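Data block below; observations after.
Each reported figure results from applying straightforward, stated rules to the coordinates on display, with no laboratory input. Quick caveat, the model's predicted, so the values are computed rather than measured. Cβ placement follows ideal geometry from the backbone for every residue including glycine, while neighbour counts extend to all protein chains displayed.
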Number of protein chains: 2
Amino acid sequence: MSANSRLTIAAHALTWIGLYQRRGHEVATSEQIAASVNTNPVVIRRLLAELRKAGLAESRRGAGAGWMLARDLAAITLLDVYQAIEPGPVFALHRATPNPECVVGHGIGPAMTAVYDGVEAALRAELAGTTLEDVLRDILKAA
Amino acid sequence: MSANSRLTIAAHALTWIGLYQRRGHEVATSEQIAASVNTNPVVIRRLLAELRKAGLAESRRGAGAGWMLARDLAAITLLDVYQAIEPGPVFALHRATPNPECVVGHGIGPAMTAVYDGVEAALRAELAGTTLEDVLRDILKAA
DNA sequence: CCACGTCGTAACAACTAGAGTTACGACCAT
DNA sequence: ATGGTCGTAACTCTAGTTGTTACGACGTGG
């Protein structure tokens, strides 16, 4: 399916900011976050920019700049994060429209769309059941 | 997520074969299927080869060759098809291993894996609830 | 009011996967 | 033997993800 790591990285970044703030710091820099994720700071800034658009994160510029959570970890579900960074569906229909003169070619689109809608709903329900607070609790429990 | 159309095409092909056989034909050629899907026959042969490996389809070679279902449409769920063609997970973890000296970097992997396992289970359960017979019924009902 | 640290973002390269296409050998009923 | 079809390799094209460099914009602290 060519799965990507965007949800993982986004959850990592937000959780890291949350823990960092909980330890008394105001803002976290993309460089600090990137050091934990083990990637380039620009990758973090790009992802956090999308999360900011979705109202999950905030940023400050200038000296002493950095990133903050817009809401508490407990108020952010993985579904919120997912929706902020993954606009498209999990399954795609045909790239080229199938033969409309064929019964199957004509009806397969709507039929599969109905199934895919159900799948997306199940996926979202599952993601909605976990908050970043849950993720952090898991992390600290295992440490 | 860069979703692909493999599940859609695979379901289309199998359903087409099923309907074609139900109308009295022995085998369906990749060219006929490709004409309904509106793609290249090789694309169909490649996909059906994977479905054959999973025991969902069979093929004959030589003259009068072509494809058949290995099981009835009612005995093939979309989960069967999905598993035959999509080996990987929907969500990936970090590409590079995160910083193990950071609490979050160390614990985020297992934490997200637990969530992703739940998501995959929900997705599979949803796909398991629909057979190709259901898909064909939808198609014929809408026609 | 300037300097420094950080964000914001464009631009590019590397890599991967999906999809389409061509080509050709293998196979087998007729 | 012939012709139709599968089996599969090889190639191209496209798009998305990730990493990287670069540089302007910004604003706080000195």
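B:Gly105 satisfies every condition listed in (1) at the interface with chain A (Cβ under 7 Å from one of its Cβ atoms); (2) buried (at least 17 other Cβ atoms within 10 Å of the Cβ); (3) within 24 Å of A:Ala122 (Cβ to Cβ) except (3).
Checking every residue in the range B:16-31 against the condition of being in contact with a Pro (Cβ under 9 Å, 6 or more places away or on another chain), acidic (Asp, Glu) and within 14 Å of chain A (Cβ to nearest Cβ) gives at least one match. Which numbered condition trips up B:Arg6, out of (1) within 14 Å of another protein chain (Cβ to nearest Cβ); (2) without any contact (Cβ under 8 Å) to a residue 60 or more places away in the chain; (3) among the charged types (D, E, K, R)? That leaves (2) as the condition not met.
Remark: pairs (first residue in the range B:19-31, surrounded by fewer than 16 Cβ atoms within 10 Å (Cβ to Cβ); second residue among the charged types (D, E, K, R); Cβ separation under 9 Å; 6+ apart in sequence or on different chains) = B:Glu26/B:Arg60. Looking only at residues in the range B:60-94 that are part of a loop (DSSP other than H, G, I, E, B) and surrounded by fewer than 13 Cβ atoms within 10 Å (Cβ to Cβ), the one that is nearest to DNA strand C (Cβ to nearest atom) is B:Gly62. Residue check: is A:Leu51 more than 30 Å from B:Leu79 (Cα to Cα) and part of a helix (DSSP H, G or I)? Yes; evaluated as a whole, the condition is true for this residue.
Just one of the numbered conditions (1) in contact with a helix residue (DSSP H, G or I) (Cβ under 6 Å, 6 or more places away or on another chain); (2) facing another protein chain (nearest Cβ under 7 Å) is not true of A:Met1: (1). Residues in the range B:32-59 that are away from DNA strand C (no atom under 11 Å from the Cβ) and within 13 Å of chain A (Cβ to nearest Cβ): 4 in all. If the condition is being within 13 Å of DNA strand D (Cβ to nearest atom) and among the basic types (Lys, Arg), then the range A:21-71 contributes A:Arg45, A:Arg46, A:Arg60, A:Arg61. For beta carbons closer than 7 Å, sequence separation of 6+ or different chains, a first residue in the range A:79-92 that is without any contact (Cβ under 8 Å) to a residue 12 or more places away in the chain and at the interface with chain B (Cβ under 7 Å from one of its Cβ atoms) and a second that is surrounded by fewer than 20 Cβ atoms within 10 Å (Cβ to Cβ) and in a loop (DSSP other than H, G, I, E, B), the qualifying pairs are A:Gly88/B:Ala3; A:Ala92/B:Ala3; A:Ala92/B:Asn4; A:Ala92/B:Ser5.
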